[in-house]
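Participant: Pasting a structure here, questions to come.
Each reported figure results from applying straightforward, stated rules to the coordinates on display, with no laboratory input. The structure presented is a predicted model; accordingly, all values stated were derived computationally and were not measured. Positions of Cβ are backbone-derived with ideal geometry, glycine not excepted, and every protein chain shown enters the neighbour counts.
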Amino acid sequence: MPSASVKWTPTAQEAKKRAEALKMQAPVRPEEITQNTDEGAVATAKYAVDLYNYAFSTGKVEEYKVLCKGAHKSCVTTPAAIQKLHADGGWVDEMHVTFTDGWVRKDIKDKVVVELWYYQTGGIEYLGNGTKVDVKQSKWAALVTLLYNGNSWQVEEIYGAPQ
């Protein structure tokens, strides 16, 4: 007779880290998001990166879904992946980003793309089945494609890679 599957239970230390991650403060929506300027685009791109990390730590995807409207997987499937991770009992440690540079790429003519450079603290991604992924502290570069809808910036795509 097959045995019932045993659900993973976090250790006391892991449960404490999860509680800390779930209490992470949401990033503040920048006032510049409504400004159809390079500054508005850069502020929105930074907000998108912060919101991405916030959503993975807390499981709260509502603001991310409001901001990220594009058809790329970074907008379409990321919220569902985050919700599944949390439904399975997983989470990602609270990670902090320090932006070192950001600008609108002038070499790209047919769309608005912001290039960001930043450092991200490390942490652990808990998959909910006992598996842990060590996320190393690292320097990142991101390309955030944006569209101004007449009222505010919307994210079409986020692409980031450790450097």
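Participant: For the residues F56, F99, what sequence is obtained by ranking on other C-beta atoms within 10 Å, fewest first?
Facilitator: F99, F56
Participant: To continue, here is another question. Lys/Arg Cβ at +1, Asp/Glu Cβ at -1, dipole of the stretch 16-120 taken about the Cα centre: which of Q25, W91, G70 is farthest positive-ward?
Facilitator: Value: W91.
Participant: For the stretch 1-97, what is the per residue volume of the convex hull drawn over the alpha-carbon atoms, in cubic angstrom?
Facilitator: Taking the convex hull of the Cα positions in the stretch 1-97, it is 108 Å³ per residue.
Participant: For semi-axes √(5λ) of the Cα gyration tensor in Å, which listed value, [x] 38, 18, 11; [y] 32, 16, 14; [z] 29, 19, 16, comes from the coordinates shown?
Facilitator: [y]
Participant: If you don't mind, another one. Evaluate the relative contact order of the chain (contact order divided by residue number), counting alpha-carbon pairs under 8 angstrom at least 6 apart; express in whole percent.
Facilitator: Rounded, it is 23 percent for the chain.
Participant: While we're looking at this one, here's another question. Between D38 and V76, with labels modelled 7 Å along Cα→Cβ, what's the label distance in nm to one decimal, could you check?
Facilitator: Each label point is offset 7 Å from its Cα along the Cβ direction, giving 3.3 nm.
Participant: I've got another one for you. Give me a comma-separated list of calculated 3J(HN,Hα) values for the stretch 44-55, in order, Karplus coefficients 6.51, -1.76, 1.60 applied at θ = phi - 60°, integers in Hz, x for any Gly or Pro.
Facilitator: 5, 4, 4, 4, 4, 5, 4, 5, 4, 5, 4, 5
Participant: Further, regarding this structure: Within a 10 angstrom radius of the beta carbon, how do I124, I82 rank from fewest other beta carbons to most?
Facilitator: The fewest-first ordering by Cβ neighbours comes to I124, I82.
Participant: Follow-up question, since we're still on this one. How much net charge surrounds V113 when only the other residues with a Cβ under 13 Å from the Cβ of V113 are counted, with Lys and Arg +1 and Asp and Glu -1?
Facilitator: That sum, taken over residues with Cβ under 13 Å, equals -2.
Participant: Going by average Cβ neighbours within 10 Å, how do the peptides 27-38, 131-142 rank, with the highest at the top?
Facilitator: Result, highest mean Cβ count within 10 Å first: 27-38, 131-142.
Participant: Explain nothing, just the number: dipole magnitude of the stretch 1-144 about its Cα centre with +1 on each Lys and Arg Cβ and -1 on each Asp and Glu Cβ, in debye rounded to the nearest 20.
Facilitator: About 420 debye.
Participant: Let me ask something else. What is the dipole size for the stretch 27-67, taken about its Cα centre, with +1 at each Lys and Arg Cβ and -1 at each Asp and Glu Cβ, in debye to the nearest 20?
Facilitator: Around 220 debye, computed over the stretch 27-67.
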